[in-house]
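Here is the structure we will look at, set down as structure tokens.
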Amino acid sequence: MTARSLGPFWLVIGGAAPGSQNFIYFWPLFTGTQIPEDLWRDRMWLDTWV
């Protein structure tokens, strides 16, 4: 493959990486897994969510 044909590949990878990291960060909340309260509060960005 040439560098020119890899351009769209890196755009897809670059766009998917932040989304997958965000999904992993919120995984305990999606699955109902117990986590320490300080980690839970880190995920509650607004005071009205608590």
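Laboratory data are not the source of any read-out in this text; all were calculated from the coordinates shown. This structure is a prediction, so every number in the text was calculated from the model and none was measured. Because the Cβ atoms are built from the backbone with ideal geometry, glycine has one as well, and the counts that use them run over all protein chains shown.
With a sphere of radius 15 Å drawn around the Cβ of W49, what net charge do the other residues whose Cβ falls strictly inside it have (Lys, Arg +1; Asp, Glu -1)?
On the way: positive: R41, R43; negative: E37, D42, D47.
Computed value for this residue: -1.
Across region 24-38, in residue order, what do the Karplus-derived ³J(HN,Hα) couplings come to in whole Hz, using 6.51 cos²θ - 1.76 cosθ + 1.60 with θ = phi - 60° and x for Gly and Pro?
3J(HN,Hα) across region 24-38, in whole Hz: 5, 4, 8, 3, x, 6, 5, 9, x, 5, 6, 9, x, 4, 5.
What is the distance, in nm, between label points placed 7 Å from the Cα along the Cα-to-Cβ direction at I24 and at R41?
If labels sit at I24 and R41, their model points lie 2.6 nm apart.
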